[in-house]
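**Student:** One structure, pasted below without further comment.
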Number of protein chains: 2
Amino acid sequence: MKEDSEALVVFSGGQDSTTCLYWAKERFERVSALTFVYGQKHALEVDVAERLARAADVRWTKMDVSFIASLSANALTDASVAMDEEKPAGAPPNTFVPGRNLFFLSVAAVVARERGVRHIVTGVGQTDFSGYPDCRDTFVRSLNVTLNLAMDGRFVIHTPLMWLDKAETWALADRLGVFETVRRETLTCYNGLPGDGCGHCPACRLRREGLETYLKQKQQQLP
Amino acid sequence: MKEDSEALVVFSGGQDSTTCLYWAKERFERVSALTFVYGQKHALEVDVAERLARAADVRWTKMDVSFIASLSANALTDASVAMDEEKPAGAPPNTFVPGRNLFFLSVAAVVARERGVRHIVTGVGQTDFSGYPDCRDTFVRSLNVTLNLAMDGRFVIHTPLMWLDKAETWALADRLGVFETVRRETLTCYNGLPGDGCGHCPACRLRREGLETYLKQKQQQLP
């Protein structure tokens, strides 16, 4: 079916969503990328996302959803709140934007509907669970039902990384032929540094540990 | 419990949400009203909502969610699209804003969470079903689950009008002692006229038919 030949990828330009972008390119005839701008500290993220999308030869759209930042105070969007280096016990880290993926995926669904697209791809995952409730599989599945009920839709939300750890996500990028692109060009670091990043924020640590694990595994598998 | 003493009402200043506001005042110690601004043709709606909330002596907040208007073109938010007087067969009327209640209730949940409030009240209902999929009971229940999963929350969405027709909604307002307030001060009309409105748009017709039915029933019940 025609509507099954296209997918919309929620695309931040980080390791995860870039891997998802190429995952989608392998499966769908047409892929487009949707990048959200919401008052992040690092507007550089948006430039990185655009460059990556152009390099992947997909349609790229950015959408301003700054209203999310106005809903609550937190470390990713409010410069007056210091960022936790460690996850607080028993609570989401204060980089948590309440409802962020709820809004991202809801907006993506409306955009997809306008374009006659039903497949939506997101890089969220719960294996390296960082305390964000809206990265969990149950949340995504529940939202998928809710979106279909809200708009009489037939959306399918794909989460190729849901059960992969970071090492497996590196392996997937490698299999898709974009290991170097993901390693050098994406931006995951909370402090806004592309590639290997600052090295000490939680996102960099998780990314690096996964990379080291994957590279070690790969070396052991060599003949 | 303290968190059960307060409710947040999604409040447009129309017949339905005004009736819900007084319904909530009867049940909760504290009530606040949240009005969304999203590029409606009739900014007067917001003034009407504020006046009604002040008169009801509840905390009133307005929130700009104009991003909803940017997601798609439709008659309520885009002056270039003519409004249907009749509902098109087999399709939602073109006053449909895709995902409107999805976004309204999601934003309301984030605001409620920030304030330590878990009860959310909305005037949506499916009895006088106008073709909006996001007014249906299944949608609201599904969203309630999704919101709790998204934010590790314990939200309860109340829909006091879900199964009432317009005549029963007038009866409820009367029982709550606000029949005249709802009749004279609220704004339901798509053409922006308060009270009995323009009389010929779909919202006015529905409202008037309900009113006439209720007044007839009331008269018949007099001794």
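The values are calculated or read from the model by the stated rules, or taken from the named source; none is laboratory data. The shown structure was predicted, so the numbers you read here are calculated from the model rather than taken from an experiment. Here Cβ is always computed from backbone atoms with ideal geometry, including for glycine, and neighbour counts include all displayed protein chains. The area values use the complete protein model at the heavy-atom level, side chains included, leaving out ligands, DNA and RNA. Shrake-Rupley method; radii C 1.70, N 1.55, O 1.52, S 1.80 Å.
**Student:** From A:Thr169, A:Thr213, A:Thr181, grab the single residue that is more than 13 Å from chain B (Cβ to nearest Cβ), more than 17 Å from the chain's Cα centre (by Cα) and not in a loop (DSSP other than H, G, I, E, B).
**Tutor:** A:Thr213
**Student:** Now for a separate question. Looking only at region A:5-31, filter to residues that are in a loop (DSSP other than H, G, I, E, B) and among the aromatic types (Phe, Trp, Tyr); which one of those is nearest to the chain's Cα centre (by Cα)?
**Tutor:** A:Phe11
**Student:** Look through region B:28-46, keep the residues that are over 15 Å from B:Val10 (Cα atoms) and out of contact with any Ser or Thr (no Cβ under 9 Å at 6 or more places or on another chain), and return whichever of them is surrounded by the fewest Cβ atoms within 10 Å (Cβ to Cβ).
**Tutor:** Selected residue: B:Ala43.
**Student:** Can you name every residue in region A:184-210 that is outside any loop (DSSP other than H, G, I, E, B) and within 18 Å of the chain's Cα centre (by Cα)?
**Tutor:** A:Arg184, A:Glu185, A:Pro202, A:Ala203, A:Cys204, A:Arg205, A:Leu206, A:Arg207, A:Arg208, A:Gly210
**Student:** Further question: Any residue in region B:57-68 that is farther than 16 Å from B:Gly195 by Cα, among the acidic types (Asp, Glu) and not in a strand (DSSP E or B)?
**Tutor:** The answer is yes, given that some residue of region B:57-68 is farther than 16 Å from B:Gly195 by Cα, among the acidic types (Asp, Glu) and not in a strand (DSSP E or B).
**Student:** Please specify each residue of region B:112-121 satisfying the condition of being in contact with a Pro (Cβ under 9 Å, 6 or more places away or on another chain) and either more than 7 Å from chain A (Cβ to nearest Cβ) or small (Gly, Ala, Ser) (or both).
**Tutor:** Within region B:112-121, B:Val121 is the sole residue that qualifies.
**Student:** Quick check on this structure: which one of B:Val97, B:Val37, B:Val46, B:Val31 is at pLDDT 95 or above and of a type in the set (Val, Ile, Thr)?
**Tutor:** After ruling out the rest, the residue left standing is B:Val31.
**Student:** Within region B:126-139, is even one residue more than 7 Å from every other protein chain (Cβ to nearest Cβ), open to solvent by less than 40 Å² (accessible area, probe 1.4 Å), at pLDDT 90 or above and closer than 22 Å to B:Asp4 by Cα?
**Tutor:** No: region B:126-139 contains no residue that is more than 7 Å from every other protein chain (Cβ to nearest Cβ), open to solvent by less than 40 Å² (accessible area, probe 1.4 Å), at pLDDT 90 or above and closer than 22 Å to B:Asp4 by Cα.
**Student:** Based on this model, can you work out whether B:Arg154 counts as more than 14 Å from every other protein chain (Cβ to nearest Cβ), on the phi < 0 side of the Ramachandran plot and among the basic types (Lys, Arg)?
**Tutor:** No, not satisfied.
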